[in-house]
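The values are calculated or read from the model by the stated rules, or taken from the named source; none is laboratory data. Here the structure is a predicted model, which means the values were calculated and not measured. Every residue, glycine among them, receives a Cβ derived from its backbone with ideal geometry; neighbour counts consider all protein chains shown. In case anyone asks, the SASA skips ligands and DNA or RNA and just uses the protein heavy atoms, side chains included. Shrake-Rupley method; radii C 1.70, N 1.55, O 1.52, S 1.80 Å.
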Amino acid sequence: HLRMKLVLSLFTLSTAIYSIEGFSSTPTGGLESFKPELQTTAENLVRPGYGLLACDESTGTVGSRLESIGMDNTHENRATWRNLLFTAPNLNKYVSGCILYEETLFQEEPKEGVAFVDKLKDIGVVPGIKVDMGLKALTGGGPK
């Protein structure tokens, strides 16, 4: 069911993008040029037998995990923690994509200095980012 929801979400997104008339993000005439890339990415993400790794924990949440084992919540320790996830043996045989936290987009592997995004791409895992601006009250929606 999750696979179908993801496919439908990506389909909905691609349909919405391609139905915007008069919008041009490139000199060649809009977003149509991105359609093959979006389709390939969607197909890679929903391959049978693969899952998504949700490693989009905030600095505070990762910090709580680190502190529970006696480590300080530092940038270097968070990078080491995430590196442990991304260097798991055969990760790319089971995981098609990783949902990342914003900090992770700019982090590098602690020893070699390779960006995590590049490390994931190199092994065929699609990096993505959680887009979450927090909860906002809706007009007329009440206090919740």
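The table below lists the values:
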item: Accessible surface, 1.4 Å probe, highest first, among residues Ser68, Ser33, Ser96; result: Ser68, Ser33, Ser96
item: Ranking by accessible area, most exposed first, for Glu109, Glu32 with a 1.4 Å probe; result: Glu32, Glu109
item: Accessible-area order (highest first, 1.4 angstrom probe) of the listed residues Lys93, Lys119; result: Lys93, Lys119
item: Accessible area of Leu138 in the full protein assembly, 1.4 Å probe (Å², nearest 10); result: 140
item: Phi to ³J(HN,Hα) by Karplus 6.51 cos²θ - 1.76 cosθ + 1.60 over region 88-104, Hz, x for Gly, Pro; result: 4, x, 6, 3, 6, 8, 10, 10, 9, x, 10, 8, 9, 8, 3, 4, 5
item: Neighbourhood charge, 14 Å Cβ-Cβ cut-off, centred on Ser64 and excluding it, Lys, Arg +1 and Asp, Glu -1; result: -1
